[in-house]
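Note sheet for the following structure.
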Amino acid sequence: MSKVVQKKNHWTTKVNECAISKDARGELNVQLLGGAENGEFAYIGHVNGNAVQYRHGKVSEGELLLEVETLSVSGLPLYDVLTVIKNCKGPIRLKTVRQ
């Protein structure tokens, strides 16, 4: 295989970036599941499409969560990921990738 073909199919070319604002209650309206305590990466669960306040981009159910506000969350327990999100101010930038 040529290097060009490998680069096009590499998972890093499929990284999704978005920014989501919290609602009046401080919720993202995006369910997070998994986490290191379950032997998994954190991933996106149910997305309440009507209530999510996107600034740019979008997330989809099943995507793996790679970063929150440029902090790598791969391999962290879910409670740590949720703590990072809870302490963020303004729109929260997420990087995800499809499984």
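Summary of computed values
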{"read-out": "Helix-only [θ]222 nm of the chain, DSSP H runs n ≥ 4, -39500 (n - 2.57) each, per residue, nearest 500", "value": "-4500 deg cm²/dmol"}
{"read-out": "Rounded percent of accessible protein surface that carbon and sulfur make up, the chain, 1.4 Å probe", "value": "51"}
{"read-out": "Prolate/oblate/rounded call for the stretch 44-99, Cα gyration tensor, a/c under 1.5 rounded", "value": "oblate"}
{"read-out": "Gain in span if fully extended, ARG55 to ASP80, counting 0.36 nm per residue against the direct Cα distance", "value": "6.6 nm"}
{"read-out": "The chain shape via C-alpha gyration tensor axes, a/c threshold 1.5", "value": "prolate"}
{"read-out": "Stretchable slack from THR70 to ASN38, in nm (0.36 nm times residue separation minus alpha-carbon distance)", "value": "9.2 nm"}
{"read-out": "Qualifying trypsin sites (Lys or Arg not before Pro) in the stretch 45-95, DSSP loop, other Cβ atoms within 10 Å at most 10", "value": "LYS89"}
{"read-out": "Normalised contact order of the chain, rounded percent, pairs of Cα under 8 Å and 6 or more residues apart", "value": "34"}
{"read-out": "Listed peptides 40-49, 24-33 by packing density, highest first (mean Cβ within 10 Å)", "value": "40-49, 24-33"}
{"read-out": "Per residue accessible area of the chain, 1.4 Å probe, in Å²", "value": "64"}
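The values are calculated or read from the model by the stated rules, or taken from the named source; none is laboratory data. Just so we're clear, the structure is a prediction, and the values are computed from it rather than from any experiment. Virtual Cβ from ideal backbone geometry, glycine too; neighbours counted across all protein chains shown. Quick note on the areas: whole protein, heavy atoms, side chains included, nothing else; ligands and nucleic acids left out. Shrake-Rupley method; radii C 1.70, N 1.55, O 1.52, S 1.80 Å.
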